[in-house]
């Protein structure tokens, strides 16, 4: 109330009128009005003075602020900054506040009126353009002020010789560097807008084609991930068709990180001016002309435009249809949304950027505007999607406007009230989830798992994958197109850049090496190329230039002598030759760098050989792996140094422990590899490529996988790719199980997909029919070769003399504190002694029994000496972990004296 | 299966098994839920209580064993093996897949490969190309052996796609047999090459004579089975030059040495109508079967009856015993000692020879066992 008064509405009556004359509102407002009287606030001046006491004073002050008071400036500039105030004309702001208050009180009185903050319609996506424009604005203004400062400096000088040339003062590269820095680090620090955000940019994933596409549809939240809230993580009904319900990571970011659906479009800012004037000409009454009473008159709706109150309109539906007609005719932008909120008596018009919207077919009285002939034209290629949009057959609706529409799932389900018809139900899924055949038959978490796993599948990266120099690249040697496809797969192009192979799978138990989702593989299949993959790694060497004009050099390899063997793969130019097999410790670049890098030399080119020291680089790969130098590229880095990149290729066949997965979130490692003759075979001589344990099904409930198997089997036997798009059965984008089964029967298979199988070991038939057929299997990037690790004795850390940590450093396997606790509880003291000391960091020390401190061993006297007591009288020799001795010495350096008291053991 | 009540059985059924047990012994019952009686009764005294000797008798086997060739063409053979145990039939199958030797490319020497396809993958592809060469004429090459005309076949591949030309596909017919062995010269030290400059330069193989001059190889005996296998694709300016050395090996080591695409058998189907299936039911039954096992015959008086016309065609789709009580009318069985054996040769040897080779392998294995035991 005080604020309203401060904004110039001194009459309580007017305020109440503005908010609405409902007596319940009056009751809620009463305390505020009372407070005004108690505080003696009646006029605008009094209100401002009252507020002034509440404003926190700063020690420094601005001139302008002092003049008019801080309270006023806050009300003018900070409070509801989106409502512009011209010449202290506060009325629009007052009305805005009144509407806010009305909504608040409505919410107090009626819980249903509270807005849902997780509602997708109330959210905006921040796009790269907006981020860059903010950054640019900041940098541009910084540059301007810099220029101003330096010109001012120059102009202040009394004696100027030359004419002022402003271009001289343009500090070079402020904008370029600023943009480059922000984009390369991902840190958006814009002081002007108080923005400090990290991780704004990400390097696009190039692990697989799907990972790339999936990464580009990702939406990152601004929430803190650590907060334990369920609201924002839950599936919102309003994200139907806009955000994929399946594709979200597991773990802490679950539900917060989202992905766009297949047809979602994110709007960009549309020009506001013409739209506002259009609204006025369509009968929106300006706010200025309305009294407080008229604001909430029945049958009149407030018109909100991008969050601003534009005015009110007496015929809201009429107005909305008029705007929509204009939009369909293409007169206003196709992404402008008009939403009539009956409950709040508001019309929301939005043209701002960051809203998600999706295309829908328009229907008139339940009859689709898209007719047969349109579709024919589309098939022939005369018509494109944009033509549909332009001709007003299809329009984009955002989340809010969807509430004004009645959308039928299929044309046949439309009723006369229907305003729109979905284009295709499977588009509610995103790219990653779209790869799953029959996802609507799966348990929902399985689809989510597959969304995460599809990104780890090996296959094709891109059409230029063999020309790229990625630091790590996984490729499948013989990738295939899935036998059971979906429409999404075709739309995205996964059928051309696949990441998997169609494996004939028998669902049965075999050999016991298939427990816990492990799979049994056929050795002959592997021999013939199943699951074969290529792993390439990049090695980089830089021919560095130094400050004293000297630079590294690459020299001819020695063909005889000590290093000749390690230099076998080098060409005469000193670089490894493409096609050569590279073994661990092989030299791949015979580089030398000058010893003297600081002091300038008069002839940098003519340095003698003695002025160089060897700076060879050796390949450190796993033993036994036969890697090959694939390509060598000579480029220059950003400092114009010669940069040599080597691509090391390794072709791997699947081995025990490699990870595979179907497209239904069912991953498993290869449990054993078995000869083909031991594998079961069917009546037709078909031998499966892999065997999967049936225990994978009951708890996972991936019915989709079973249908994929049936569909794949039918597809192979009848020669037609079968489809399994999500919710595709009614529209013919997915084959029905009955039809698939009939196809199977027609080709002599069992209705149920189960075959009569002979054991390959005994030769007699198995006592069960086996569910067998092709399933698309992905090879995941996790391979044993990259992970296996064991060591006996090996490298140690210098500081503590304990074994190193981690596979990359050939580290030891840690006996952790929990393991130690077990040993203590068991009483295996000798084992603890052996693990924690003998095999770790044993160290012999000389301990002085007198002072309890550590001494040293004097090799001349062949006796231990205590450096504190300056004698060797009471010295005992004992063993303790080096880390313990280190601790004692560190304590001593902090003026803490640890004394050892020895007793006979 | 008509079960016989114990009360109706003969008191002492000497010398003969009751019909239902005889059926269980010789047939696999393929019910709609699962097959039963799949195992062979091996124990010689299994039916001793009924006075039936179940032991294996060689002269019985010799008397009863039959092989009938059903179909034989260049690469495939289908024959019936009658009167044999599943274990033995399976042994032949296993040997065919894994232990009959063939020749396959094992070593590939690359002189140049600028194509998009990596060396290892190209080598792998080459390895899988079937070679039409009689492996019986070659010896195994062990690790210490030098490649010679008795254990190695050398092929050469040199293709180039000239700049400006359209892309070309390298097919297997461009692999060229080198009867004289490798043409790539071994890099040797200068000192040794000077001493015997007159003699043949050393190559990666040491053939003492050309393979064409050997009597066992006639002009065309060594070739590739298929001439249209895509090996690689070359873009303009790309070139492949290599030599491929094929050696003898068995499918156990790598599938490329397997002489068969696959070899398998199935037991002879037996379809029995347990009761007369007439008129509409008969028509329904005929319609049900996708491979036309059943026929309808007139039995006079306007009645029609279903008959089992082509039981051999049965793929065991179990369509005829699905639904209602069809399982009471039709019984699907398999004859346990009748195997329809199919061999699909990959091309090194004709399929009928493959089988005899398999028999020889089994024979030598048996001899090995006997000699090891004695």
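The values are calculated or read from the model by the stated rules, or taken from the named source; none is laboratory data. Since we're looking at a predicted model, the values are computed, not measured. Here Cβ is always computed from backbone atoms with ideal geometry, including for glycine, and neighbour counts include all displayed protein chains.
Worth pointing out:
Table: residues versus (1) crowded, with 17+ Cβ neighbours inside 10 Å; (2) at pLDDT 75 or above; (3) at negative phi.
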| residue | (1), (2), (3) |
| --- | --- |
| A:11 | no, yes, yes |
| A:27 | no, yes, yes |
| A:48 | yes, yes, yes |
| A:58 | no, no, yes |
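- Picking from residues in region A:788-799 that are surrounded by 13 or more Cβ atoms within 10 Å (Cβ to Cβ) and modelled with pLDDT of 90 or more, the one that is farthest from residue A:679 (Cα to Cα) is A:797.
- Of the set (1) in contact with a strand residue (DSSP E or B) (Cβ under 9 Å, 6 or more places away or on another chain); (2) within 26 Å of residue A:647 (Cα to Cα), all apply to residue A:519 but (2).
- Summed over region B:14-51, residues that are part of a loop (DSSP other than H, G, I, E, B), away from chain A (no Cβ under 14 Å) and in contact with a helix residue (DSSP H, G or I) (Cβ under 9 Å, 6 or more places away or on another chain) total 7.
- Restricted to region A:729-758, and to residues there that are more than 8 Å from chain B (Cβ to nearest Cβ) and on the phi > 0 side of the Ramachandran plot, the residue that is surrounded by the most Cβ atoms within 10 Å (Cβ to Cβ) is A:753.
- Matching option when the condition is within 16 Å of residue B:99 (Cβ to Cβ) and either within 14 Å of chain A (Cβ to nearest Cβ) or in a helix (DSSP H, G or I) (or both), among B:362, B:316: B:362
- Residue A:262 vs. criteria assigned to a loop (DSSP other than H, G, I, E, B), surrounded by 14 or more Cβ atoms within 10 Å (Cβ to Cβ), on the phi < 0 side of the Ramachandran plot and out of contact with any helix residue (DSSP H, G or I) (no Cβ under 8 Å at 6 or more places or on another chain): no
- Considering region A:475-488, the residues that are more than 14 Å from every other protein chain (Cβ to nearest Cβ) and in a strand (DSSP E or B) include one that is nearest to the chain's Cα centre (by Cα), namely A:485.
- Neighbours by Cβ (under 9 Å, 6+ apart or cross-chain): first from region B:73-96, on the phi > 0 side of the Ramachandran plot and more than 8 Å from chain A (Cβ to nearest Cβ); second part of a loop (DSSP other than H, G, I, E, B) and loosely packed, with under 15 Cβ neighbours inside 10 Å: B:83/B:65
- Residue in region A:768-787 that is within 14 Å of chain B (Cβ to nearest Cβ), part of a loop (DSSP other than H, G, I, E, B) and either modelled with pLDDT of 90 or more or on the phi > 0 side of the Ramachandran plot (or both) present: no
- Residue in region A:625-645 that is nearest to residue B:121 (Cα to Cα), counting only those that are assigned to a loop (DSSP other than H, G, I, E, B) and in contact with a helix residue (DSSP H, G or I) (Cβ under 9 Å, 6 or more places away or on another chain): A:626
- Among the candidates A:593, A:603, residue that is modelled with pLDDT of 85 or more and either in contact with a helix residue (DSSP H, G or I) (Cβ under 6 Å, 6 or more places away or on another chain) or under 20 Å from residue A:548 (Cβ atoms) (or both): A:593
- Among (1) assigned to a strand (DSSP E or B); (2) over 30 Å from residue A:773 (Cβ atoms), the one test that residue A:585 misses: (1)
- Residue match in region A:664-687 (condition: away from every other protein chain (no Cβ under 14 Å) and under 16 Å from residue A:773 (Cα atoms)): yes
- Of residues in region A:510-532 being outside any strand (DSSP E or B) and touching a helix residue (DSSP H, G or I) at 6+ places or on another chain (Cβ under 7 Å), the one farthest from the other protein chains (Cβ to nearest Cβ): A:517
- Exactly one residue among B:135, B:147, B:101 is closer than 23 Å to residue B:223 by Cα, more than 14 Å from every other protein chain (Cβ to nearest Cβ) and touching a helix residue (DSSP H, G or I) at 6+ places or on another chain (Cβ under 8 Å), and that residue is B:101.
- Qualifying residue in region A:345-352 (condition: in a loop (DSSP other than H, G, I, E, B), assigned by TED's automatic domain parsing to the domain that holds residue A:402, modelled with pLDDT of 85 or more and in contact with a helix residue (DSSP H, G or I) (Cβ under 7 Å, 6 or more places away or on another chain)): yes
- Exactly one residue among A:206, A:227, A:192, A:218 is loosely packed, with under 14 Cβ neighbours inside 10 Å and touching a residue at least 40 places away in the same chain (Cβ under 8 Å), and that residue is A:192.
- The number of residues in region B:342-357 being surrounded by 23 or more Cβ atoms within 10 Å (Cβ to Cβ) and either closer than 17 Å to residue B:269 by Cβ or within 11 Å of another protein chain (Cβ to nearest Cβ) (or both) comes to 1.
- All told, residue A:620 falls short of being without any contact (Cβ under 8 Å) to a residue 12 or more places away in the chain, more than 23 Å from residue B:123 (Cα to Cα) and either in a loop (DSSP other than H, G, I, E, B) or within 14 Å of chain B (Cβ to nearest Cβ) (or both).
- Hey, residue B:250 modelled with pLDDT of 90 or more, within 14 Å of chain A (Cβ to nearest Cβ), crowded, with 19+ Cβ neighbours inside 10 Å and under 20 Å from residue B:310 (Cβ atoms) or not: no
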